[in-house]
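A short write-up of the structure that comes next.
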Amino acid sequence: MSEDVSPARMRASNSDRERVSEVLRTAVTDGRIDMEEFEERLDRAQEARTLGELPAITADLVPAEEQPIQLDPEPMVSWFTTLTRKGRWVALPDEQAGAVVGRTEIDMREALLTRNHHRMTVSTFLGRVVIDVPEGVEVRMKGWSFLGRRSTNARRSTMSNPPVLEIDGFSLFGTVRVRAPKRRFLLGRRRDRRQLNR
């Protein structure tokens, strides 16, 4: 992905347009917009070519954290509470995330990375940050801990040029955990072997 292209100018995919369309269908079903407005907004969604054209279509229908396309997300730092980032959002380079006596949950499985090598500073103080990544992402954990923990179950990718998530920062009496999907096919193979041994 070119580093000169802003998130708003990135090309929208069919799945991006469908996410917006689904919010519109829900809105017309529960009476928040009428059929005429639904059709007008749906046409705008289907004709959108860039991500920047989509957020305004649903801006008045769902809260910011539930928008189908999130181009300007808020800082990912929780203070004495729980903060969640999920859905289709643009992961910008050198983002900051953390938890201070709280919990921050970041779901990157549907996020759009602007760079193949994505760096994020993640720090905790008496808190916990949990990051979910899609299969195939190579996770590189850096930083330091004092009476805390920084860990991941992500395996090294077998691809020649895999997407990389590099985590830096610190954990002071807190934890940072990066979770990758479990490889179900391995369990299937083990079951097959057990059945063959019977």
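The values are calculated or read from the model by the stated rules, or taken from the named source; none is laboratory data. These numbers were taken from a predicted model, which means no experiment stands behind them. No Cβ is skipped: glycine too gets one built from the backbone with ideal geometry, and neighbour counts run over all protein chains shown.
Things worth noting here:
- Neighbours by Cβ (under 8 Å, 6+ apart or cross-chain): first from the stretch 15-30, in contact (Cβ under 8 Å) with a residue 40 or more places away in the chain; second surrounded by 19 or more Cβ atoms within 10 Å (Cβ to Cβ) and assigned to a helix (DSSP H, G or I): 16/51; 20/45; 20/57; 20/58; 23/58
- Matching residues, the stretch 52-69, being in contact with a helix residue (DSSP H, G or I) (Cβ under 9 Å, 6 or more places away or on another chain) and at pLDDT 90 or above: 52, 53, 54, 55, 56, 57, 58, 61, 62, 67, 68, 69
- Which listed residue, of 27, 111, is surrounded by 13 or more Cβ atoms within 10 Å (Cβ to Cβ) and within 25 Å of residue 171 (Cα to Cα): 111
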